[in-house]
Amino acid sequence: MLMISPMTLTVSLSHGPKSAFGYSSSLFLCLYTMLKHSTLIVIFLQGLDYSSGVWQFEGYGFVPNGTSGVTVSQIHGAAQAATTLILRIYNGDMRYYSADLIATGMYDRWFRLNVIHDVDGGKVTVFIDGVQKFQVKDKGPGDLYFKCGVYAAPGNISYCMESRWRDIKIYKK
């Protein structure tokens, strides 16, 4: 089983200091706050892309009240689409893309998100706080990787979006 351990760091940008974190084994950056129409800000776990097997993302996320229409987690890549999974928060509810309801009451609390992608079995399973909430057929194999952070979803989004992530781990079976 492969596990990547987090470390904490702070970076300073032209708009002032922002919280961020990184991993000793890869180079990437996550900023927690995004204004509407700004650039995509996510964690890309470089070097942890995959195309087969069973992979799991685990992380503790926090989305403050008022952030709506934000994509907080994703499996990027698929044979039949650009993404295999997108998890968005709309008015405190977590949804698969903008449709299927996965969980309610997601605002202003730390939640543990686990996403298990069984590429060979063709399924993705989502757990919130250790409880299975959703399972879906994936969109085929491809060059896949997990992402989390903050970026806008199409339509009905709040002006300022924020998510916080800690204790992120990636497992490979």
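The values are calculated or read from the model by the stated rules, or taken from the named source; none is laboratory data. In this text the structure is predicted, and so the values were computed from the model without any measurement. Here the Cβ positions follow ideal geometry from the backbone for every residue, glycine too, while neighbour counts run over all protein chains shown. Calculation scope for accessible area: heavy atoms of the full protein, side chains included, ligands and nucleic acids excluded. Shrake-Rupley method; radii C 1.70, N 1.55, O 1.52, S 1.80 Å.
Of the candidates 118, 108, the single residue that is among the acidic types (Asp, Glu), within 18 Å of residue 70 (Cα to Cα), modelled with pLDDT of 95 or more and open to solvent by 10 Å² or more (accessible area, probe 1.4 Å) is 108. Counting only residues that are free of Cβ contacts under 8 Å to residues at least 60 places away in the same chain and β-branched (Val, Ile, Thr), the range 131-163 holds 2 of them. Residues in the range 158-173 that are hydroxyl-bearing (Ser, Thr, Tyr) and more than 14 Å from the chain's Cα centre (by Cα): 158, 159, 171.
Inspection of the range 43-57 finds a residue satisfying the criterion of being closer than 18 Å to residue 132 by Cβ and open to solvent by less than 10 Å² (accessible area, probe 1.4 Å).
Considering the range 70-122, the qualifying strands (runs of 3 or more DSSP E), each wholly inside and each with 1 or more residues that are of a type in the set (S, T, N, Q), run over 70-76, 83-90, 110-118.
Restricting to the range 127-160, what's the tally of residues that are in a strand (DSSP E or B) and either open to solvent by less than 60 Å² (accessible area, probe 1.4 Å) or farther than 16 Å from residue 81 by Cα (or both)?
Residues in the range 127-160 being in a strand (DSSP E or B) and either open to solvent by less than 60 Å² (accessible area, probe 1.4 Å) or farther than 16 Å from residue 81 by Cα (or both): 18 in total.
Checked against the criterion of being at pLDDT below 95 and more than 21 Å from residue 158 (Cβ to Cβ), the candidates 81, 99 yield just one match: 81. With respect to (1) small (Gly, Ala, Ser); (2) within 19 Å of residue 80 (Cβ to Cβ); (3) surrounded by 14 or more Cβ atoms within 10 Å (Cβ to Cβ), the lone exception for residue 163 is condition (2).
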